[in-house]
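Colleague: Pasting in a structure now, in structure tokens, and then I'll have a few things to ask.
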Amino acid sequence: MGKSRNIRRGGAGAPEAVVEPVDGGLAELIPDRERARAWTLLIDGAPQSYVDLDDPAYLSFEYQRRLGHVIDLVAPAGKPLHVVHLGGGALTLARYVAATRPRSTQQVVEFDAALVQLVRRELPLDPNARIRVRSTDARAGLAKVPEGWADLVVADVFSGARTPAHLTSTEFLDEVHRALKPGGCYAANLADGPPLAHLRGQIATVAARFTERALIADPTVLRGKRFGNAVLVASDHPLPLAELTRRAASDPHPGRLQHGRELTDFTGGAVPVTDAAAVASPAPPPSVFR
């Protein structure tokens, strides 16, 4: 695919959009008219990331705010972390960690090398941030993380708006577990709609590898009323459930946290997913992005 660049500018030279083909489709960087240096990244029309270069601690997307709560609570405020991000997009969450936890060391694994080049050029990283970006498959990149290195592994990987099958299995979670420090935390952005079979299977899969789990999502998604995102959090140490619950409930789009017996009941007898049986997450209906 060619690397032709198309920039349109509005009045007084204000940036309007950057449109460029990348490995995963057509990337668009759309400026936010209300924030001077803020941009939304779309791939083939599907929103992927939102970045405010002047305020990297600002998280606009609902699911990114929930992952931000996990980042805030996984360790005492301000403490530097070792973080692995599977899926990079516009590097929103890596920027958030760098802004809120200075001196953190981060590894980002983003398969789309052309997207990484576009983001680095148009939305440059703070040169002082300790962020290393690898352009490779998420599971292959995770396998190169030293054993017990990470305080937090964040999975936010979508190909054509679907999570690839090989990132949904117990074998994948074995690799996550290997990379985490004792007591480290795993957080995944998942997307599903009625009848929520994929989401239930992912909860069962995490339950087979971690002793503590929690799920945060919009109540209408949990009731199977619409397609949407859910953040699944897991660890072998107790999770900060009370504060996660409070923060999720106070978001602009309030979320609900499920854990313990309620989460087990929600799983509904789903069984863990293995490599042999894994399939990609369901494609969202076209109406989701309208």
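The values are calculated or read from the model by the stated rules, or taken from the named source; none is laboratory data. Because the structure is predicted, anything quoted here is derived from the model rather than measured. Note that we place each Cβ from the backbone using ideal geometry, even for glycine, and neighbour counts take in every protein chain shown. These area figures cover heavy atoms from the full protein model, side chains too; ligands, DNA and RNA do not enter into them. Shrake-Rupley method; radii C 1.70, N 1.55, O 1.52, S 1.80 Å.
Colleague: Looking only at residues that are among the small types (Gly, Ala, Ser) and assigned to a loop (DSSP other than H, G, I, E, B) in segment 32-73, which one is farthest from ALA90 (Cα to Cα)?
Modeller: Result: ALA36.
Colleague: Can you name the number of the only condition in (1) assigned to a strand (DSSP E or B); (2) in contact (Cβ under 8 Å) with a residue 60 or more places away in the chain that ALA204 fails?
Modeller: (1)
Colleague: Next question. Scan segment 3-27 for residues that are modelled with pLDDT of 50 or more, under 14 Å from ARG121 (Cβ atoms) and part of a loop (DSSP other than H, G, I, E, B) and report the count.
Modeller: Within segment 3-27, residues that are modelled with pLDDT of 50 or more, under 14 Å from ARG121 (Cβ atoms) and part of a loop (DSSP other than H, G, I, E, B) number 1.
Colleague: Sort out which residues of segment 234-256 are under 13 Å from TYR186 (Cβ atoms) and either among the polar types (S, T, N, Q) or not in a strand (DSSP E or B) (or both), and write them in order of number.
Modeller: Our first condition is that a residue be under 13 Å from TYR186 (Cβ atoms); within segment 234-256, this holds for 234-237, 239.
Across segment 234-256, the qualifying residues are SER235, ASP236, HIS237, LEU239.
Colleague: Quick one: VAL231 ticks every box in (1) in a loop (DSSP other than H, G, I, E, B); (2) in contact with a helix residue (DSSP H, G or I) (Cβ under 7 Å, 6 or more places away or on another chain); (3) under 30 Å from GLY141 (Cβ atoms) except a single one, so which number is it?
Modeller: (1)
Colleague: Related question: Is it the case that THR92 is at pLDDT 95 or above and either closer than 23 Å to ASP218 by Cα or touching a strand residue (DSSP E or B) at 6+ places or on another chain (Cβ under 9 Å) (or both)?
Modeller: Here the answer is yes, as THR92 does meet what is asked.
Colleague: Within segment 155-163, does at least one residue satisfy the condition of being within 21 Å of ARG66 (Cβ to Cβ) and part of a strand (DSSP E or B)?
Modeller: Checking segment 155-163: at least one residue is within 21 Å of ARG66 (Cβ to Cβ) and part of a strand (DSSP E or B).
Colleague: When you check ASN189 against the structure, is it closer than 26 Å to PRO286 by Cβ and open to solvent by 20 Å² or more (accessible area, probe 1.4 Å), yes or no? Explain how you work it out, then say what you get.
Modeller: Details: closer than 26 Å to PRO286 by Cβ: yes; open to solvent by 20 Å² or more (accessible area, probe 1.4 Å): no.
Answer is no for this residue.
Colleague: Got a sec? Which of PRO272, PRO284 is crowded, with 17+ Cβ neighbours inside 10 Å and at pLDDT below 95? Before you say what the answer is, go through the steps one by one.
Modeller: On the way: PRO272 fails: at pLDDT below 95.
Sole residue among the options that is crowded, with 17+ Cβ neighbours inside 10 Å and at pLDDT below 95: PRO284.
Colleague: Considering segment 132-170 alone, what residues qualify as being within 22 Å of PRO284 (Cβ to Cβ), touching a Lys or Arg at 6+ places or on another chain (Cβ under 7 Å) and open to solvent by 30 Å² or more (accessible area, probe 1.4 Å)?
Modeller: The one that is within 22 Å of PRO284 (Cβ to Cβ), touching a Lys or Arg at 6+ places or on another chain (Cβ under 7 Å) and open to solvent by 30 Å² or more (accessible area, probe 1.4 Å): HIS166.
Colleague: While we're here: So the check is Cβ under 7 Å with 6+ separation or different chains; which pairs have a first residue in segment 102-120 that's hydroxyl-bearing (Ser, Thr, Tyr) and a second one that's assigned to a helix (DSSP H, G or I)?
Modeller: As it stands, the answer is SER104/VAL97; SER104/ALA98, since those pairs meet every condition given.
Colleague: Here's a follow-up. Would you confirm, using the coordinates I've provided, whether ARG66 is basic (Lys, Arg), more than 17 Å from LEU29 (Cβ to Cβ) and open to solvent by 20 Å² or more (accessible area, probe 1.4 Å)?
Modeller: Spelling it out, it is not the case that ARG66 is basic (Lys, Arg), more than 17 Å from LEU29 (Cβ to Cβ) and open to solvent by 20 Å² or more (accessible area, probe 1.4 Å).
Colleague: Another one. Within segment 38-54, does at least one residue satisfy the condition of being open to solvent by 50 Å² or more (accessible area, probe 1.4 Å), in contact (Cβ under 8 Å) with a residue 12 or more places away in the chain and in contact with a helix residue (DSSP H, G or I) (Cβ under 6 Å, 6 or more places away or on another chain)?
Modeller: No, that holds for no residue.
Colleague: Turning to a different aspect of this structure: What number goes with the only condition from (1) under 26 Å from GLY228 (Cα atoms); (2) modelled with pLDDT under 95; (3) open to solvent by 40 Å² or more (accessible area, probe 1.4 Å) that ALA57 does not pass?
Modeller: (2)
Colleague: Yes or no: segment 88-103 includes at least one residue that is at negative phi, open to solvent by less than 10 Å² (accessible area, probe 1.4 Å) and not aliphatic (A, V, I, L, M). Quick ask: steps written out before the conclusion?
Modeller: Keep residues of segment 88-103 that are at negative phi, which gives 88, 90, 92-102.
From the residues that got through so far, the ones that are open to solvent by less than 10 Å² (accessible area, probe 1.4 Å) too are 90, 92, 94, 97, 101.
When the remaining residues are screened for being not aliphatic (A, V, I, L, M), the result is 92, 101.
Looking through segment 88-103, at least one residue is at negative phi, open to solvent by less than 10 Å² (accessible area, probe 1.4 Å) and not aliphatic (A, V, I, L, M).
Colleague: Something else now. So for segment 107-128 (the condition being among the small types (Gly, Ala, Ser) and either buried (at least 19 other Cβ atoms within 10 Å of the Cβ) or under 22 Å from SER235 (Cβ atoms) (or both)), does at least one residue qualify?
Modeller: No, the conditions are met nowhere in segment 107-128.
Colleague: Just the residues that are of a type outside the set (Val, Ile, Thr) and in contact with a Leu (Cβ under 8 Å, 6 or more places away or on another chain), please, taken from segment 125-143.
Modeller: Across segment 125-143, the qualifying residues are LEU125, ALA138, ARG139, GLY141, LEU142.
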